[in-house]
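> Take a look at this one; I'll ask things after.
The values are calculated or read from the model by the stated rules, or taken from the named source; none is laboratory data. Here the structure is a predicted model, which means the values were calculated and not measured. When we count neighbours, we look across all protein chains shown, and the Cβ atoms used for this are built from the backbone with ideal geometry, even at glycine. Ligands, DNA and RNA are excluded from the accessible area calculation, which covers all protein heavy atoms including side chains. Shrake-Rupley method; radii C 1.70, N 1.55, O 1.52, S 1.80 Å.
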Amino acid sequence: VYLLFQALRQISQRTISTASRRQLANRVSENQKLFQEDNGVPVHLKGGAKDHLLYRTTMVLTTFGTLYSVYYLLVSSMPKKPN
């Protein structure tokens, strides 16, 4: 039983270590070419659709937060009407 457990442990360690090495392929040069290309796109949007989605979401939330805070500043600056 002990030998079986030890064999399974070795197999699982080999599988995990080789899988993680395959996933960590060095793609720095590919990314450098992508981000250094002079195509008129800002660097924060060169990552593709995911970057565009994050950028648009950030802009919408920022605009909404700014308008919301300005609204409440205006509301709090108005005197309350007596009933």
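> Taking θ as phi - 60°, what are the ³J(HN,Hα) couplings along region 60-74 by the Karplus curve (6.51, -1.76, 1.60), each to the nearest whole Hz, with x for Gly and Pro?
Couplings: 5, 5, 5, 5, 4, x, 5, 5, 5, 5, 5, 4, 6, 5, 5 Hz.
> Here's another thing I want to ask about it. Quickly work out the Leu3-to-Thr57 label distance, labels modelled 7 Å from Cα along the C-beta direction, and quote it in nm with one decimal.
Distance between the two pseudo-spin positions: 5.4 nm.
> Mind checking which of Ala25, Ser69, Gln10 is farthest towards the positive end of the chain's charge dipole, using Cβ charges of +1 (Lys, Arg) and -1 (Asp, Glu) about the Cα centre?
Gln10
> Also, I was wondering about something else. For the chain, what is the calculated [θ] at 222 nm in deg cm²/dmol (nearest 500), taking -39500 (n - 2.57) for each run of four or more DSSP H residues and dividing by its residue count?
Computed mean residue ellipticity for the chain: -25000 deg cm²/dmol.
> At a 1.4 Å probe, what is the % contribution of carbon and sulfur to the accessible area of the chain?
Numbers: 5190 of 8160 Å².
Carbon with sulfur: 64 percent of the solvent-accessible area.
> Three principal axis extents, largest first, for the C-alpha atoms of the chain, in Å?
Rounded to whole Å, the extents work out to 86, 48, 14 Å.
> Rounded to the nearest whole Å², what accessible area per residue is found for the chain with the 1.4 Å probe?
In whole numbers, the chain has 98 Å² accessible per residue.
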